[in-house]
1. Applying the selection to region 193-226, what residues are in a loop (DSSP other than H, G, I, E, B) and open to solvent by 50 Å² or more (accessible area, probe 1.4 Å)?
2. Take residues that are without any contact (Cβ under 8 Å) to a residue 60 or more places away in the chain and tell me which of the helices (runs of 4 or more DSSP H) falling wholly in region 277-343 contain 1 or more.
3. If you check Asp224, Asp198, which single one turns out to be of a type in the set (D, E, K, R), within 13 Å of the ligand (Cβ to nearest atom), in contact (Cβ under 8 Å) with a residue 12 or more places away in the chain and touching an Asp or Glu at 6+ places or on another chain (Cβ under 9 Å)?
4. Test Pro61 against the criterion of being near the ligand (Cβ under 9 Å from one of its atoms), at negative phi and open to solvent by 10 Å² or more (accessible area, probe 1.4 Å), and give yes or no.
5. Might you check whether a residue that is more than 16 Å from the ligand (Cβ to nearest atom) and assigned to a strand (DSSP E or B) occurs anywhere in region 177-185?
6. What tally of residues in region 121-134 results from selecting those that are away from the ligand (no atom under 13 Å from the Cβ) and either among the β-branched types (Val, Ile, Thr) or surrounded by 24 or more Cβ atoms within 10 Å (Cβ to Cβ) (or both)?
7. Among (1) open to solvent by less than 50 Å² (accessible area, probe 1.4 Å); (2) within 15 Å of the ligand (Cβ to nearest atom), where does Leu171 come up short?
8. For residues that are farther than 13 Å from Pro298 by Cα and more than 9 Å from the ligand (Cβ to nearest atom), tally how many sit in region 2-27.
Amino acid sequence: MGSGRNVAVFGAYGHTGRFVVAELCERGYVPLLLGRDQDKLLALAHAQPGLEARQASVDDPAALDRALNGAVAVINCAGPFAATAAPLVEAALRAGIPYVDVAAEIEANADTFAHFAERARAAGTVVVPAMAFYGGLGDLLVTTAMGDWTAADEAHIAYGLSSWHPTAGTLAAGVVSGQRRGGRRVRFTGGRLEYHDDALPTLEWPFPAPLGPQSVIGEFTMADVVTVPSHLAIPEVRTYMTAKAAADLSAPGASAPTAVDERGRSAQTFVIDVLVRSGGTERRVVAAGQDIYAISAPLAVEAVDRILTGRTRTTGVASAGAIFDAPDFLRALSAHLSLTDPPTAPPTAPLTAPLTAPLGTRG
Ligand SMILES: NC(=O)c1ccc[n+]([C@@H]2O[C@H](COP(=O)([O-])OP(=O)(O)OC[C@H]3O[C@@H](n4cnc5c(N)ncnc54)[C@H](OP(=O)(O)O)[C@@H]3O)[C@@H](O)[C@H]2O)c1
């Protein structure tokens, strides 16, 4: 083995893993299909002739080492990441290759920073957690909106999802995260994660046309509260979710996404409205696209491509916004993501609690 183009995908037969495998092929890489279930791996290899499948489970370091043999990088798509991230990062460090994952679990992402920052930096290796829709994309957008600012008072990331049909992996990750929090909620305020039992506020977020104002759940806290503050001095980082999508996610018997196009994407659309505020000045970036799982593949693969071609700013554990040139990265995703110029006039609806101040002038 060892074409120099072999990228291991752990959890290759999962919903997101399959998008990542397809994207790697499209970009000229040769995915190594990794996972714990031999039958599922063989079924995927059968559907993807020419690709090699290697079974390994996270409690077997020797099997992980064999599975990573000849790989130039590994993308971990197997969640809950509370169980998979640490063993795969350990294996990547032993192999001396970069590690990228799509984890959307706040505590698991925080653990990756806490447990591996020093060792990864000392080894000169790169570990990028949350390199996906939640965590990675929000961080790239906030970093882009910041421009020449290195600090701000607040960052707000409003997710305008048309619907949310969750995968089994998303639901399982939610259960694990909920258990780790003892059923409590989490938010990022005063420069740290804070656990609480407060009811989540519902407010109206003024998404730009054509979506327009939508009812959102405030403090619907996502992985961005780990990635953004990992490199930007912003004490208040808030994420919001359209109330309809939040209701879809928690509905009993929520159905999985179904493909509506040749790429396997669902009909789900998203708008991400990012606002950063410093003093009375605001900066804003808006992005739109289709299918939060599908978009995670070009995000993760673009990250690997940039790491392998030396287009990085640091080593060790780093978020997307810290390690990559954020505006340039977003431009590279133009086939998957449209960045719209924010409206020149301030959003029409007032941003009420939990925001701290009325909208000011644009920077
Ligand atoms: N940050 C983001 O925006 C983002 C985007 C996409 C996905 N994700 C996350 O990625 C994860 C996967 O999502 P998905 O949509 O692909 O779900 P999925 O279709 O249900 O796939 C889950 C995958 O994880 C594997 N897996 C679970 N626990 C494992 C373990 N202990 N050891 C080895 N493999 C394990 C599963 O293998 P088995 O079938 O053998 O159980 C399967 O391959 C979820 O945690 C999800 O939240 C995050």
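1. If the condition is that a residue be in a loop (DSSP other than H, G, I, E, B) and open to solvent by 50 Å² or more (accessible area, probe 1.4 Å), then Asp197, Asp198, Ala199, Leu200, Ala209, Pro210, Leu211 are the ones that fit.
2. 296-308, 326-332
3. Asp224
4. no
5. yes
6. Number satisfying all stated conditions: 3.
7. Here Leu171 clears every test but (1).
8. Step one: list which residues in region 2-27 are farther than 13 Å from Pro298 by Cα, which gives 2-15.
Still in the running and more than 9 Å from the ligand (Cβ to nearest atom): 2-9.
Residues flagged as farther than 13 Å from Pro298 by Cα and more than 9 Å from the ligand (Cβ to nearest atom) within region 2-27 amount to 8.
The values are calculated or read from the model by the stated rules, or taken from the named source; none is laboratory data. These numbers come from a predicted model, not from an experiment. Cβ: placed from backbone, ideal geometry, glycine included. Neighbour counts: every protein chain shown. SASA here: full protein model, heavy atoms, side chains in, ligands and nucleic acids out. Shrake-Rupley method; radii C 1.70, N 1.55, O 1.52, S 1.80 Å.
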